[in-house]
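Peer 1: Structure below; questions to follow.
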Amino acid sequence: MEALLGKSLDELTQIVQDLGLPKFTGKQLAQWLYVKRATSFDQMTNISLKGRQLLEQNYCVGRTEPIAEAISTDGTKKYLFAVGDNQFVETVYIPDDDRATICVSTQAGCKMGCKFCMTGTLGFHGQLTATDIVNQIFSIPDSLSLTNVVYMGEGEPLDNLTGVLKSIEILTADYGCGWSPHRITVSSVGILPELQQFIEQSECHLAISLHNPIGIERQEIMPIEKRYSIQSVIDTIKHYDFSHQRRVSFEYIMFAGLNDTQRHATKLKNLLSGLHCRVNLIRYHSSPDSPFKTCSQEKMESFRDYLSANGITTTIRRSRGEDIQAACGMLVNSLKN
Ligand code: SF4
């Protein structure tokens, strides 16, 4: 049965009118779904009994609980959700001192095939709907304490722009959760037409997975480089204003010997020159069978210091949830087993 969670106010209004219910019931529904977070039609007590029965006969609310969870020693929690046609995705909850962030998935698996990413090895198994995305945010146990949402779980968000933009509408609209778009960050490897659309149609922060500033080397680990070079992605971003409240950041996983040299630091500085941005250096989580190796802390610090000294705000991101395979690039639905 079709779910109502994830539908916009316009869609909800159309649905109630098609059922012969008053137009204002659309607004009431949105309130119950997104503000009061109802999980059943019974709870929607200001909608007539007949209205609730009609809705129940034709639709479901769309809330589904996670089916498995794991808790890291550092407090990070990972959840497994069933989505679509017998598919699964993982969602990560990351509590910090003054913030609580959820990392949501946008696709089951991923098409992009980044060589260092375990999710990439899953292949692609389907798009998530706005229902699936909003449900991850609403149905984790710590949902009400969330301060931020990052679209950095399984999948390439801009390869599912429709689902992503719709879920963002629900999180930020007055009829929905009413969040500031600056509480939301969407990551991408840089799919150009969709990137432009995303920048123009939302106010959310943007995080680009960069990982190597040298095109010929980047394409060895990120096939997308062959289609849309990182240079063309940066050139596009430079057309937009990221110097005020809206932020663009660049994610840079550091691999020993591959992208951690002074040559890379200099190239990166040149590539980003003139752009108001920040760089997040991320430690790679090497496994025994991985061809990529973890970069030393000293190398990461000198890379950071060089960029910072050249005017690019650079931080080393603390790794979270490694022990439960919840860290960056580690989501492979291991909770299913
Ligand atoms: Fe897909 Fe992101 Fe992994 Fe690349 S890093 S394969 S885009 S999930």
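The values are calculated or read from the model by the stated rules, or taken from the named source; none is laboratory data. Quantities reported herein were computed from a predicted structural model and do not represent experimental measurements. Glycine also receives a Cβ, built like all others from the backbone with ideal geometry; neighbour counts cover every protein chain displayed. Side chains included, ligands, DNA and RNA excluded: accessible areas come from the protein's heavy atoms. Shrake-Rupley method; radii C 1.70, N 1.55, O 1.52, S 1.80 Å.
Peer 1: Can you pick out the pairs among 23/166; 50/77; 23/77; 77/226 whose Cα atoms lie more than 29 Å from each other?
Peer 2: 50/77; 23/77; 77/226
Peer 1: Of the residues 28, 325, 201, which exhibits the maximal mean-square fluctuation in a Gaussian network model of the chain defined by a 10 Å Cα contact cut-off?
Peer 2: The residue with the greatest mean-square fluctuation here is 201.
Peer 1: Name the residue, out of 177, 60, 277, whose mean-square fluctuation peaks in a Gaussian network model built on the chain with Cα pairs under 10 Å.
Peer 2: Checking each option, the largest mean-square fluctuation is seen for 60.
Peer 1: Sort by residue number and report every cysteine in the chain with no other cysteine beta carbon within a distance under 4.7 Å.
Peer 2: For the chain, the answer is 60, 103, 110, 177, 204, 277, 295, 328, because their Cβ atoms have no other cysteine Cβ under 4.7 Å.
Peer 1: With θ taken as phi - 60° and the coefficients 6.51, -1.76 and 1.60, list the Karplus ³J(HN,Hα) couplings across region 100-108 in order, rounded to whole Hz; mark glycine and proline as x.
Peer 2: So the J values, rounded to whole Hz, are 9, 10, 10, 9, 9, 8, 10, 9, 7.
Peer 1: Given Cα pairs under 8 Å that are at least 6 residues apart, what percent is the relative contact order of the chain?
Peer 2: 16 percent
Peer 1: What is the Cα centroid distance between region 70-114 and region 129-169, reported in whole angstrom?
Peer 2: Region 70-114 and region 129-169 have Cα centres separated by 10 Å.
Peer 1: Going by average Cβ neighbours within 10 Å, how do the peptides 100-107, 284-291 rank, with the highest at the top?
Peer 2: 100-107, 284-291
Peer 1: Return a whole-number percent for the relative contact order of region 183-244, with Cα pairs under 8 Å and 6 or more residues apart as the contact set.
Peer 2: 36 percent
Peer 1: Something else about it: Tell me, Kirkwood radius of region 9-58 from alpha-carbon pair distances, in Å?
Peer 2: 10.6 Å
Peer 1: Here is a further query. Against the empirical 2.2 N^0.38 Å scaling, what ratio does the C-alpha Rg of the chain come to?
Peer 2: Against the compact-globule rule of thumb, the ratio is 1.04.
Peer 1: Roll a 1.4 Å probe over the protein chains and send me the accessible area per residue for region 34-126 in Å².
Peer 2: 48 Å²
Peer 1: Right, another one. Can you pull the percent of region 8-142's accessible area that's carbon plus sulfur, 1.4 Å probe, other chains left in place?
Peer 2: 50 percent
Peer 1: OK, next. List the residues whose amide H sits under 5 Å from the amide H of residue 87, counting only those 5 or more places along or on another chain, with H placed 1.01 Å from N in the peptide plane.
Peer 2: For residue 87, whose amide H was placed from the backbone, there are no distant partners under 5 Å.
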